[in-house]
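Have a look at the structure below, then the notes.
The values are calculated or read from the model by the stated rules, or taken from the named source; none is laboratory data. Note that this is a predicted model, so its numbers are computed, not measured. Note that we place each Cβ from the backbone using ideal geometry, even for glycine, and neighbour counts take in every protein chain shown. Accessible surface areas use protein heavy atoms only, side chains included; no ligands, DNA or RNA. Shrake-Rupley method; radii C 1.70, N 1.55, O 1.52, S 1.80 Å.
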Amino acid sequence: MRILVFFFLVAGILFGCAEPGLQDKPISFKQPHYFPPINFPEGNEPTQFRFELGKKLFYEKQLSKNEDQSCASCHRLPAAFTDGRAVSSFHENEFARNAPTLGNLAWSPYFMSEGGVPTLELQALGPIHEKHELALNMEGVIDRLKSRGNYSALSQAAYGRELDAFVITRALACFERALISGDSKFDRYYFLKSNDYSELEKRGMELFFSERTQCGSCHALPFFTDYQFYSLGLEDADIGLERRTYSAADRGKFKTPTLRNIELTAPYMHNGSMSSLEEVVSFYNNGGGTRSTKDSRVKALNFSKEEEAALVAFLKTLTDWNFVQHEKFLSAEED
Ligand code: HEC
Ligand code: HEC
């Protein structure tokens, strides 16, 4: 199996640019043994050219109306596929939100803060049409791209058909499923039994998974999310899950975000209202916000200064430096 993976990696480097008639090859994504196997949707199992095409589209500014934005404008690799802004740059939308990380989406049962999008293939349609994101329609995108570079050849090689909405959404999803992140200091300590965790980090980990804080019950292993929806009591105009269920009991509930690479994805929360991990920990310590739908686990915790520092130190061990520096995920044109 290892030899196979290596072969496809080499093949990928040698044949990185598709030529017409070139044979596509299945590839495997390298993943830690402590993550469950990925269920790829039928017809979109990963291949070298599906991945290459998806990556090209992810960095393609032609996807936006003014040819000035791509998916990667808001989902930047060095920031673990976030953009450092409180909310996405278009402020007219009353529900403009903080751009989430795109790590480990292959395991996510649904997408967006209210979980209203069932597959990654469908999710890709959203940003292209959404007037606050890329703001172009799919027919417009296809017309633009067909005549450019090697899109048509790549599309034929990857999916055996002309570039169309089917191909664009599948290729983007294929690339996104490759964004696997599970090689942090925490993983090496917890799953691989390394011994380079400091006393402060150990103390933080104990606190995180304790009955007292219950952080780990919502931010559950191995992805640091249980994919459920809760309110931390934050009050703003964004009604969250209620948008999908029309139930006032769901007001202000959002999908538990992963905490992997959290050190790199500031500012925090759906509205980007907290700028540092210290601020987030102090928010939890003070019992969260005031909204009546707040989950009962979010309550005053009476941390000592040392406990606050320990939790922050622990959260900083969730960074996967190999992931955010992985050249495979970068576009050659962007550098
Ligand atoms: C203008 C900034 C912006 C652009 C451009 C953009 N996104 Fe996003 N993306 C966001 C924001 C903000 C959210 C969170 C929306 C929410 O939760 O309701 C998001 C959410 C997502 C999610 C859901 C993640 C999850 O955990 O549920 C995926 C997947 C995604 N984007 C992929 C893409 C792809 C693919 C493109 C290009 C076709 C793209 N995005 C373009 C800002 C952007
Ligand atoms: C009841 C479930 C629950 C518990 C318990 C919980 N969280 Fe959260 N956490 C969430 C949800 C939901 C969000 C997103 C809320 C939002 O965007 O409005 C969140 C957001 C965060 C964020 C910001 C993530 C981001 O990408 O913006 C951090 C950091 C965090 N939590 C850490 C912790 C720590 C540390 C604890 C324990 C002290 C904890 N959480 C306890 C559900 C929970």
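The figures follow:
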item	result
Segment 156-177 versus segment 22-40: alpha-carbon centroid distance in Å	17 Å
Across LYS61/LYS328; LYS185/LYS305; LYS55/LYS253; LYS25/LYS65, pairs whose alpha-carbon gap is larger than 26 Å	LYS55/LYS253; LYS25/LYS65
Computed E for LEU22/ASP68 - FRET, C-beta separation, R0 51 angstrom, nearest 0.05	0.95
Stretch gain in nm, segment TYR34-TYR246, where the contour uses 0.36 nm per residue and the Cα spacing is subtracted	72.6 nm
Estimated translational D of the chain in µm²/s (Stokes, Kirkwood radius over Cα pairs; 37 °C; 0.692 mPa s)	155 µm²/s
Hz values of 3J(HN,Hα) by residue in segment 111-123 - Karplus curve (6.51, -1.76, 1.60), Gly and Pro given as x	10, 6, 4, 9, x, x, 10, x, 9, 5, 4, 5, 4
Cα-centred dipole magnitude for the chain, charges only on beta-carbon of K, R (+1) and D, E (-1), debye, nearest 20	500 debye
Most to least accessible of HIS270, HIS326 (protein chains only, probe 1.4 Å)	HIS326, HIS270
Label-to-label distance, nm, for residues given as SER194 and GLN228 (7 Å Cα→Cβ offset)	3.2 nm
